[in-house]
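First comes the structure, then the notes that go with it.
The values are calculated or read from the model by the stated rules, or taken from the named source; none is laboratory data. Just so we're clear, the structure is a prediction, and the values are computed from it rather than from any experiment. Cβ placement follows ideal geometry from the backbone for every residue including glycine, while neighbour counts extend to all protein chains displayed. These accessible areas exclude ligands, DNA and RNA; they are computed on the full protein's heavy atoms, side chains included. Shrake-Rupley method; radii C 1.70, N 1.55, O 1.52, S 1.80 Å.
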Amino acid sequence: MPRVSAAFFALGVVYLLMGMMWGMYMGGAEDFTMMPAHAHLNLLGWVTMAIYGTLYALTHASLSPKLAWTNFILAAGGVAVMIPSLALYLGGRDAKFIPGIVS
């Protein structure tokens, strides 16, 4: 398995654990206002990273390492910016001060 594939799987597990802890916190507090951000963290963070990791593990013979690592950096950065931005937006912040949110 290529290193980029392992990196996608490792990051996916980190996002999975973050999403599960966030979901348990929301359930315990019975405050589900952040549910869309939690769902996006699970889908984009865990599921998408696992799909990328599987793709690169299965196609490692034709893998372009530079392109694969660029994909990893952009995907990881996109999730790292999108989820907090969505959480701030759902929390009632003014949308013009949140990165990635167009009002």
Can you name the residue in segment 59-103 that is at pLDDT below 85 and of a type in the set (Phe, Trp, Tyr) and, of all such residues, is most open to solvent (accessible area, probe 1.4 Å)? Phe97
Complete set of residues in segment 1-22 that are surrounded by fewer than 18 Cβ atoms within 10 Å (Cβ to Cβ) and under 19 Å from Tyr89 (Cβ atoms): Met18
